[in-house]
Amino acid sequence: MAVNRTHTMGRGGTCICPKCGYEAPHHRGVPCQEERCPECGAKLLRKGSYHHDLLDKKRQKQQKGV
Ligand SMILES: [Zn+2]
């Protein structure tokens, strides 16, 4: 039994720049990672995704420590 789990988290959605916080609407069929931030050129992340969550946690750690 193959379960096809696509990472569709509902339609629409938002891509966010991990560097500067720029947000852009997610284009259906185009991964956020393939989009670039027009402000700083960084790869965008899907807002609310696992990776974005990780980044948030990393940031919080950095703010507390160092
Ligand atoms: Zn940016």
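The values are calculated or read from the model by the stated rules, or taken from the named source; none is laboratory data. This is a predicted model, so every value here is computed, not measured. Methodologically, a virtual Cβ is constructed for each residue, glycine included, from the backbone with ideal geometry; neighbour enumeration extends over all protein chains shown.
Quick notes on this one:
- Residue in segment 54-65 that is at pLDDT 90 or above, surrounded by 14 or more Cβ atoms within 10 Å (Cβ to Cβ) and within 16 Å of the ligand (Cβ to nearest atom) present: no
- Residue match in segment 18-26 (condition: over 20 Å from R59 (Cα atoms) and in contact with a Pro (Cβ under 9 Å, 6 or more places away or on another chain)): yes
- In segment 22-53, residue nearest to G12 (Cα to Cα) [restricted to those that are touching an Asp or Glu at 6+ places or on another chain (Cβ under 9 Å) and surrounded by 15 or more Cβ atoms within 10 Å (Cβ to Cβ)]: H26
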